[in-house]
Every structure is written in C-alpha cells, then in structure tokens.
Amino acid sequence: MSDTRLKMMEAIARRRKVTAHYNGNQMILAPHLMFERRGALFVSALNLSKNWRSADDWRLGHFKLDGLAGAELNDETFDPLPTYEAAPPHEEDTLVLAI
C-alpha cells in the first residue's frame with residue numbers, strides 16, 4: 001500500500017487537511033472520500049488553495065491518487081461540506097472510504 005494512499009485514508013478517517021502536490025501545484029486538500037474507477041484510486045476533496053468566489057461555490061474535485069505527490073497530513077481538521085453525500089461521483093465507481 002502506497003504512503004500517499006495511507007495518508008489520504010488517515011486524513012479521511014480523522015478529517016484532517018492534507019498538503020500535496022498535484023500537476024506541479026501545491027494544494028491544501030480536505031479529503032472527503034476515496035473511490036476506485038477502472039482500477040485507479042481517486043480522492044474527492046475540497047481544494048482549499050483554490051481561489052473560490054465564495055463558500056457557496058465550494059465543491060469537491062476528484063484527484064487521481066497516482067498524481068498526488070508529497071502528501072503530508074496537517075494538524076488542522078475540517079468539517080465536511082454541508083452538501084456532502086458519502087457516495088462516489090459515478091454509478092460505476094466503487095466507494096473505498098468516506099467520512
């Protein structure tokens with residue numbers, strides 16, 4: 001099991017923020033769930049580094065686990081989005097772990 005996978009699973013279970021690099025950009029993520037799609041693992045997370053217009057615009061992005069590098073757990077916790085439902089984004093996806 002990869003180090004990134006373990007860190008993301010811990011972050012989901014403990015509702016902790018994660019700092020990671022994705023496509024060359026450093027981000028702070030609030031991971032809500034992990035799912036499998038066609039044999040690849042993904043994390044659905046709120047990108048807290050993104051410049052959102054308002055909190056009303058917040059939504060989960062889907063990040064391929066293989067693309068996340070240098071994942072580090074933060075001490076900060078987060079609350080799930082009010083609109084969050086513990087279900088994978090598509091019917092054919094398989095839920096692995098969710099808050």
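Any read-out appearing in this document is the output of simple, stated calculations on the displayed coordinates, not a laboratory observation. Small disclaimer: the values here were computed from a predicted structure and weren't measured. Every residue, glycine as well, gets a Cβ built from its backbone with ideal geometry; the counts of neighbours run over all protein chains shown.
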Theoretical ellipticity at 222 nm over the chain - DSSP helices of four or more residues, -39500 (n - 2.57) apiece, nearest 500: -4000 deg cm²/dmol
Other-chain or far-sequence residues with amide H under 5 Å of residue 71's (modelled H): 21
Semi-axis lengths (Å, descending) of the ellipsoid that matches the C-alpha gyration tensor of the range 41-92: 18, 17, 12
For the chain, size of Cβ-based charge dipole, Lys and Arg +1, Asp and Glu -1, in debye: 180
Residue-wise HN-Hα coupling along the range 16-21, computed from phi with Karplus coefficients 6.51, -1.76, 1.60 (Hz; x: Gly, Pro): 10, 6, 10, 9, 8, 9
Local electrostatic count, residue 92, Cβ distance below 12 Å [Lys/Arg +1, Asp/Glu -1]: -1
Dipole of the chain, positive end: most advanced residue of 78, 24, 89 [Cβ charges, Cα centre]: 24
Matching label, Cα extents along the principal axes in Å computed from the structure shown, candidates [x] 40, 32, 23; [y] 31, 28, 23; [z] 34, 29, 25: [z]
Two-site label geometry, residue 59 and residue 25: point separation in nm, points 7 Å out along Cα→Cβ: 1.6
